[in-house]
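Have a look at the structure below, then the notes.
The values are calculated or read from the model by the stated rules, or taken from the named source; none is laboratory data. Predicted, not measured: the structure shown is a model, and the values here were computed from it. No Cβ is skipped: glycine too gets one built from the backbone with ideal geometry, and neighbour counts run over all protein chains shown. For accessibility, only protein heavy atoms count, side chains too; no ligands or nucleic acids. Shrake-Rupley method; radii C 1.70, N 1.55, O 1.52, S 1.80 Å.
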Amino acid sequence: MKNLSFRHAASPTAMVFGLAMAALASPAMASDAAADTADATTQSAGVEDDLHNRQTATDGTILVSAGGLRELDLLAGTSVLEAREIQRDAINGQIGDLLSKLPGVSSTSFAPGASRPVLRGQQGERVRVLIDGLGTLDVSNTSPDHAVTIEPITLERIEVLRGPAVLLYGSQAIGGAVNAIDKRIPTRMPEEDFHFDGFAGIDSASFMRTAAGSLDVGLTSNLVLHVDGSWRKADDMRIGGFQIARGLRGELLEEAAEEEAKGDFEEAAELREIANRRGRVPNSDVESWTANAGLGLILGQSTFGVAVGYYETDYGVIKRPGLKHDHGHGGHGHGGHGHSHGGHGHGGHSHGDGDDEIVRIGLQQFRTDLKGDIYLGGGAFERLRLRAGYSDYTHTEFEGGEIGTVFDSKSIEARAELVQNTGGILRGVTGLQFMHRDFDAEGAEAYVPRNLTDQFAVFTLQEYGNGPFQLEASARAEFTKVRSPGAMGHEHGHGHGHGHGHGHGHGHGHGHGHGHGHGHGHGHDHHDDGPFDRSFQTFSGAVGLVYQGIEGVRMGLNASRVERAPSAEELLSDGPHFATQAFEIGDRDLRVERAWGLEAYARGKIGAGTFSVAAFRQWFDNYIFLAETGDMDDGLPVFRYRQSDANFWGAEAELSYPLIDTGSYRLLTDLRASYVEADLTNGENVPRIPPLQLLGALEAQTDSFDLRGEVQWFGKQDRVAPFETETDSFALVNAMIAWRPFEANRNVTVLLAADNIFDVVGRRHASFTKDFIPLMGRNFRASVRMSF
């Protein structure tokens with residue numbers, strides 16, 4: 001992993017669909033590692049081939065995707081993972097867990113099949129995940145149970161971007177962006193007749209088996225064909241101790257004692273079995289596969305391309321123990337009826353053993369992409385970059401083997417970027433962006449009505465100056481429209497229902513199995529609000545001052561004012577969402593979220609090593625967050641979208657230093673730290689904020705071998721929101737050895753690793769499911785990566 005300073009890069013990151021886009025241009029972001037760090041990495045990894053160096057400068061420095069600027073320090077925190085580093089943690093099939101060792105990064109870790117990045121304490125609608133500069137066009141940003149439609153083992157690099165300039169990718173990047181770069185659209189001709197990349201791996205904790213391959217073939221002197229595919233399958237995840245956290249275990253055992261006192265010994269035994277479950281997490285298995293094909297046309301300094309791709313995954317959703325909103329075959333089994341003022345109080349839902357309890361998500365996405373990078377010559381404007389994508393996305397939530405709810409989303413996103421010539425004193429890029437999403441959900445738990453979101457934006461980023469002081473500024477105007485035809489609601493009153501369901505539940509429908517539940521309604525009225533139509537106009541801007549008067553060191557200060565329109569899910573949610581095991585209620589009157597921000601940073605060389613440090617603070621007006629209310633509805637805990645003023649502050653630091661360097665042998669130390677704190681102006685804490693995170697590692701490097709040992713420590717999180725539980729501290733000890741057996745081709749790497757060597761039980765505080773889904777236990781894995 002590299003921390004980077006910024007310089008000009010002519011890399012292909014911009015885009016368009018012809019459709020509704022005229023042309024202008026967008027931001028460009030470039031960066032490089034300090035020279036000795038780059039040299040060390042090159043030595044360790046071996047010589048790369050032409051395809052994998054497509055975003056590496058002639059001096060070997062690594063560049064963040066974009067162009068048009070010599071420097072871009074508005075991206076104050078930037079990290080890059082390349083293919084060899086992705087291989088080190090490729091056991092993580094979701095991109096959130098893969099990146100969790102980086103400073104300022106955590107993960108939602110909802111389940112082994114669904115995990116999204118958390119950047120500086122922000123997640124969901126404030127973190128954009130991109131594929132080569134364009135959105136993934138899935139619905140992972142709307143709910144943590146939705147998988148990100150990226151297979152990490154098919155990527156050649158991942159960029160993690162933090163700081164105000166990432167708003168050029170959209171107001172949803174207010175917390176940061178993750179840009180995953182693959183080769184599905186070729187941008188240069190291979191030097192050989194064909195080029196092949198392959199990966200295969202296996203692990204012990206979930207018996208994960210994975211394989212991937214890609215092939216690039218020159219069809220003519222300027223036309224390249226690319227094909228790739230991947231497959232991954234893992235069984236239930238092994239853990240180091242109890243599945244259920246201590247507090248929740250206590251509640252379950254207490255409830256078991258109550259049931260036993262009532263004479264319901266079968267229910268008591270079932271509760272105790274759940275509370276004492278350890279060793280493995282049932283229904284945590286996952287299987288996925290991908291297939292992609294692309295064509296690239298290279299005409300001198302201009303390139304054009306198109307790609308099509310398919311992503312499919314099937315993974316389990318682990319239920320929170322103790323919830324009674326479980327479905328049996330044939331419908332809902334209600335244990336009884338309560339009576340209330342203004343509504344119907346539901347009784348307990350029966351639940352069963354075996355397949356009746358299994359909840360799974362099956363997800364498919366078909367995607368097509370277009371890209372153009374047109375060289376305009378040596379005038380005022382150097383390049384016009386066009387990028388567009390279309391996605392047809394469906395995921396189905398299965399309950400007990402039957403279809404529960406189906407979510408469909410059809411999306412289009414397009415960008416056009418006009419890049420200024422970098423030879424002048426004023427350099428930059430200006431652009432347009434368009435996004436359209438048609439979202440629909442059908443089924444008993446379609447908690448969001450059908451809605452359409454359209455967004456149009458214009459943006460610019462400019463850089464001025466050639467001396468030790470440089471000035472950077474960016475701006476984005478965004479116009480968002482959210483519409484819905486409306487959906488029939490329902491009312492829940494103050495009733496309480498009690499009952500046991502054996503075989504067939506009493507009341508509406510049929511439930512199979514055994515269960516006991518209490519249905520509660522606490523005055524939440526859900527009506528048919530009819531059609532919904534709101535428009536939002538937002539404007540964001542940032543300015544940065546950079547000083548480079550100390551050789552090898554850049555430091556600066558950024559100030560920003562950002563605005564974000566509420567999403568359709570934040571506005572319109574209203575119903576039970578069983579995959580997240582919550583009753584989610586939106587607010588149709590949410591206001592635009594606004595924030596002032598300050599960030600100070602320094603990075604560069606320190607002796608023979610490199611360092612990076614950043615401190616930030618944000619002051620939010622109308623901060624939108626999902627908060628637990630303490631109520632129950634439909635047998636599920638109620639979460640409501642709220643708004644409040646909030647303050648975030650934090651710091652990140654990283655140091656890489658060679659303790660020994662003899663030329664043929666290097667011993668490096670790698671130190672990383674990050675901390676974020678967030679509270680509301682009423683004195684409450686913002687929920688799901690990661691704790692202090694530290695990492696220390698020693699890595700020995702030779703031409704043929706890398707040997708690394710590391711300790712990653714997570715602090716206790718006791719700054720919790722109402723109804724949120726604390727999370728204990730824990731440490732993970734990991735080791736890895738990489739072997740490059742062929743001197744003539746250092747791109748063949750065999751890797752053996754041991755993760756969580758001491759088999760500790762760790763839980764991520766940023767996860768909704770932390771109290772019943774811990775991190776993976778001790779795990780041994782092996783993999784091989786090849787490129788020729």
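Brief remarks on what is shown
- Using a Förster distance of 35 Å, the FRET efficiency for Asp392-Leu545 (Cβ separation, nearest 0.05): 0.20
- Note on Asp589 and Asp759: the model spin-label points, each 7 Å out from Cα along the C-beta direction, lie 5.6 nm apart.
- Å² of accessible area per residue within segment 559-608, as computed with a 1.4 Å probe and no ligands counted: 29
- Distances between placed amide hydrogens fall under 5 Å for Leu130 paired with Val178, Asn179, Ala180, all partners being 5 or more residues away or on another chain.
- Full extension of the chain between Glu192 and Asp645 gives 157.3 nm of extra length, using 0.36 nm per residue less the Cα-Cα distance.
- Cross-link partners of Lys605 among lysines (Cα-Cα below 24 Å; sequence separation of 8 or more within a chain): Lys2, Lys101
- Value of Rg/Rh across segment 616-744 [Cα atoms, Kirkwood radius]: 1.19
- Set Lys319/Lys770; Lys371/Lys481; Lys410/Lys481 screened for pairs whose C-alpha atoms are more than 19 Å apart: Lys371/Lys481
- The distance between label points at Leu671 and Asp408 comes to 5.6 nm (points 7 Å beyond Cα on the Cα→Cβ vector).
- Note on Leu219/Ser729: beta-carbon distance plugged into 1/(1 + (r/R0)^6) with R0 of 51 Å gives a FRET efficiency of 0.35.
- Overall Cα dimensions of segment 192-231, principal axis frame, Å, largest first: 47, 15, 7
- For Asp228, the shell of other residues with beta-carbons less than 12 Å away shows a net charge of -3, using +1 for Lys and Arg and -1 for Asp and Glu.
- By accessible area with a 1.4 Å probe, ligands and nucleic acids excluded, highest first: order of Lys262, Lys481, Lys410: Lys262, Lys410, Lys481
- Net charge of Cβ neighbours under 10 Å - reference Ser411; Lys, Arg +1; Asp, Glu -1: -1
- Under a 5 Å amide H cut-off, with hydrogens placed 1.01 Å from N, Val118 pairs with Ser106, Ser107, Thr108 among residues at least 5 apart or on other chains.
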